[in-house]
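**Student:** Sharing a structure below in structure tokens format, with a few things to ask.
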Amino acid sequence: MTETTVTIDRLGHRGDGIAPGPVFVPLTLPGEVVAGEITGDRIEVPKIVTPSPDRVRPPCTHFKTCGGCALMQASDDFVAGWKAGVIATALAAHDLTAPIRPTATSPARARRRATLSGRRTKKGALVGFHARRSDTIVPLTECHLLAPPLFALLPVLVEITQLGGSRSATLSFALTLSETGIDCAVTGGKPLDGPLRAALPRFRDRIARLTWGDEPVYAEAAPTLTMGKARVTPPPGAFLQATAEGEAALRAAVTEALAGATRLADLFAGCGTFALPLAGAVPVHAVEGDATLLAALGHATRHAQGLRPVTTEVRDLFRNPILAEDLSRFDGIVIDPPRAGAEAQTAQIAKAQVPRIAMVSCNPVTFARDAALLTAAGYRLNWVQPVDQFRWSPHVELAASLSLPHLTGE
Ligand SMILES: C[S@@+](CC[C@H](N)C(=O)[O-])C[C@H]1O[C@@H](n2cnc3c(N)ncnc32)[C@H](O)[C@@H]1O
């Protein structure tokens, strides 16, 4: 075995250190000198020869193997700065700059939404996150990501895997911690036959709603979440912001960016994370491609007191963006697309010249591309707020304020 020594230049988008070559080295930091055997283009098990001053002792014993976290070797300050740097680099690729605010990082053990995997074994079952770059499941004796009630559910998930899993397939548990209990949507399991259907309701006191594939097993206690003055029951496995703290940081940024607007549109609205709190003050038109999410939003609206009017529209905003002439009735828009961004829709917003825009994004590259469409049409990029609700992961999320100074007078 020949050992090679390399110096890490930078971190890649998956959080791996990258040395000239390129050679990818997990669990390392820029400036570190590391040694190890190169296989392909990777040093999988590096020895740290010269550690970075930003290196910290990882708080979790599973860090070396578990794929749930990639950046636990780095200080919080380093990760926050690195995430802000990823945004600045994406903006610079479009010749954009903006004040980037300090990263709002969610605390440890705050994830209220997570997907865990389960597989039956000869002796029982394993439940946890996948190992790094592997199909193996790492069973967890501790976890610094999951909210404590989700971590405490692991023994129940092991039992469910024994009942409904197999040794050849991996079960997937989409978990959401709501204000009224845990929502658990299971996929990849055995068919929901009579014995399994009869066995699963025994978990009623630990899981508020259990769904197997597309089939509800039981749902007496509807999982609900407060959004502004409304209470929402999201459909099983629904998109929700991953931490309550992350959601609050995004909501505060969106509210600030849209201050002064009186007629709002929420595009890619989900089940109302932004639309419902904003509707406490002004009318909102919520547009979303997933009819089940929008039905949950509509139901919450009808049962809430003191909201301004909320209208909903199921629409594929990639194929059928709202056209500029129909957007001009709004004076503020929040847009929160999936990773692909919203190029076609943003082009229409640029054309419509809606005065205030709050952009929310989980992908700085598509965010910068779409923001550039707006700045080319006269918008000013006022600020960017990085929000880190995927702690210790390389995910970068943000909210940003754009406006037309000649229309907002700011
Ligand atoms: C990042 S989530 C944001 C949801 C919501 N704003 C929130 O914070 O909970 C993106 C949303 O876009 C929706 N979506 C994905 N593709 C879409 C499309 N082509 N047209 C409309 N909505 C779409 C998804 O269903 C999802 O709810």
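The values are calculated or read from the model by the stated rules, or taken from the named source; none is laboratory data. Quick caveat, the model's predicted, so the values are computed rather than measured. Here the Cβ is made from the backbone with ideal geometry for all residues, glycine too, and neighbour counts use every protein chain on show. Surface accessibility is based on the protein's heavy atoms, side chains included, excluding ligands, DNA and RNA. Shrake-Rupley method; radii C 1.70, N 1.55, O 1.52, S 1.80 Å.
**Student:** Tell me the Kirkwood hydrodynamic radius of region 328-389 in angstroms, computed as one over the mean inverse distance between distinct C-alpha pairs.
**Tutor:** 11.9
**Student:** Take the Cα pairs of region 56-118, get the Kirkwood Rh, then feed it into Stokes-Einstein at 25 °C and 0.890 mPa s and tell me D in µm²/s. Write down the numbers at each step before the final one.
**Tutor:** Numbers: Rh = 14.2 Å.
So the translational diffusion coefficient is about 173 µm²/s.
**Student:** Which FRET efficiency value, to the nearest 0.05, is calculated for D205 and E179 with the Förster distance at 25 angstrom and r the Cβ-Cβ distance? Please report the intermediate quantities before stating the final value.
**Tutor:** Working: r = 17 Å, r/R0 = 0.68.
So the FRET efficiency works out to roughly 0.90.
**Student:** Going highest first, how would you order 244-251, 296-303 by mean Cβ packing within 10 Å?
**Tutor:** Ranking, from highest mean packing down: 244-251, 296-303.
**Student:** In cubic angstrom, how much convex hull volume per residue do the alpha carbon atoms of region 88-218 span?
**Tutor:** Cα convex hull per residue, to the nearest whole number: 161 Å³.
**Student:** Sticking with this one: For the pair R302/A198, report the inter-label distance in nm, with labels modelled 7 Å from Cα in the Cβ direction.
**Tutor:** Spacing of the two 7 Å Cα→Cβ label points: 3.8 nm.
**Student:** Enter the accessible area per residue of the chain (Å², integer; probe 1.4 Å; all protein chains in place).
**Tutor:** Result: 43 Å² of accessible area for each residue.
**Student:** Could you look at the chain and say what percent of its accessible area is carbon and sulfur, using a 1.4 Å probe and all protein chains?
**Tutor:** The nonpolar share, carbon plus sulfur, comes to 55 percent.
**Student:** Related question: I need the shape label for region 1-123. Rule: rounded when a/c is under 1.5, else prolate if a/b > b/c, else oblate, with a, b, c from the alpha carbon gyration tensor.
**Tutor:** oblate
**Student:** If I take every Cα pair under 8 Å that is 6 or more residues apart in region 314-410, average their sequence separation and divide by the length, what percent do I get for the relative contact order?
**Tutor:** Details: 166 pairs, mean separation 26.3, N = 97.
RCO, region 314-410: 27 percent.
**Student:** Report the gain in length on full extension from S166 to T7: 0.36 nm times residue separation, minus Cα-Cα distance, nm rounded to one decimal.
**Tutor:** My answer for the length gained is 52.8 nm.
**Student:** Another question about this same structure. Pop a pseudo-label 7 angstrom from the Cα along the beta-carbon direction at both R14 and A340 and give the gap in nm to one decimal.
**Tutor:** Rounded to a tenth, the inter-label distance reads 2.3 nm.
**Student:** For A252 and R315 in one chain, what is 0.36 nm times their gap in residues minus the Cα-Cα distance, to one decimal in nm?
**Tutor:** Working: separation 63, 0.36 × 63 = 22.68 nm, distance 2.63 nm.
Residue separation times 0.36 nm, minus the Cα-Cα distance, leaves 20.0 nm.
**Student:** Restricting to Cα atoms and excluding each atom paired with itself, what does the Kirkwood estimate give for region 248-293 in Å?
**Tutor:** With all distinct Cα pairs of region 248-293 included, I get 10.8 Å.
**Student:** Pairs of alpha-carbon atoms within less than 8 angstrom and 6+ residues apart define the contacts here; what relative contact order does the chain have, in percent?
**Tutor:** Computed over the chain, the figure is 14 percent.
**Student:** Treat each spin label as a single point 7 Å out from the Cα along the C-beta direction, and report the E325 to D41 distance in nm.
**Tutor:** Label at E325, label at D41, 4.9 nm between them.
**Student:** Let me check against my output: what whole-number percent is the relative contact order of region 282-355, with C-alpha pairs under 8 Å and at least 6 apart?
**Tutor:** 32
**Student:** Okay, next question. For region 260-317, rounded, prolate or oblate, judged on the Cα gyration tensor with a ≥ b ≥ c (square roots of eigenvalues), a/c < 1.5 rounded, else prolate if a/b > b/c?
**Tutor:** On the way: a/c = 2.29, a/b = 1.28, b/c = 1.79.
Since a/c reaches 1.5 but b/c is at least a/b, the shape of region 260-317 is classed as oblate.
**Student:** Let me ask another. If eta is 0.890 mPa s and T is 25 °C, what Stokes-Einstein diffusion coefficient results for the chain, Kirkwood Rh from Cα pairs, in µm²/s?
**Tutor:** 107
**Student:** Identify all lysines with a Cα-Cα distance to K122 below 23 Å; exclude those on the same chain that are fewer than 8 residues away in sequence.
**Tutor:** Filter leaves K190.
**Student:** Only bridges whose two residues both fall in the chain count here: according to DSSP, what percent of them are antiparallel, nearest 5?
**Tutor:** Roughly 70 percent of the DSSP beta bridges within the chain come out antiparallel.
**Student:** Enter the per residue convex hull volume of region 228-274, computed from alpha-carbon coordinates, in Å³ rounded to the nearest integer.
**Tutor:** Hull volume normalised by residue count: 92 Å³.
**Student:** Do the sum for the chain: with -39,500 (n - 2.57) for every DSSP H run of n ≥ 4, divided by all residues, what is the mean residue ellipticity at 222 nm, to the nearest 500 deg cm²/dmol?
**Tutor:** Result for the chain: -7000 deg cm²/dmol, rounded to the nearest 500.
**Student:** For K47, give me every one of the aspartates and glutamates with a C-alpha distance below 19 angstrom, ignoring sequence neighbours fewer than eight places off in its own chain.
**Tutor:** Of all the aspartates and glutamates, those that pass the test against K47 - Cα under 19 Å, at least 8 places apart if same chain - are E3, D9, D16, E32, E37.
**Student:** May I have the convex hull volume per residue, in Å³, for the Cα set of region 294-410?
**Tutor:** In region 294-410, the Cα hull volume divided by residue count equals 137 Å³.
**Student:** Top mean-square fluctuation among K123, K83, K190, Gaussian network model of the chain, C-alpha springs under 10 Å?
**Tutor:** Largest GNM mean-square fluctuation: K123.
**Student:** Okay, moving on. How high is the FRET efficiency between A219 and T262 when r is their beta carbon distance and R₀ equals 45 Å, given to the nearest 0.05?
**Tutor:** According to the calculation, E is roughly 0.70.
**Student:** If a/c stays under 1.5 just call it rounded; otherwise compare a/b with b/c (prolate if a/b is bigger, oblate if not). Do that for region 180-315, with a ≥ b ≥ c from the square roots of the Cα gyration tensor eigenvalues.
**Tutor:** The shape class here is prolate.
**Student:** Assuming a viscosity of 1.306 mPa s and a temperature of 10 °C, what translational diffusion coefficient in µm² per second does Stokes-Einstein assign to region 284-341, Rh being the Kirkwood radius over Cα pairs?
**Tutor:** For the chosen part, D equals 124 µm²/s.
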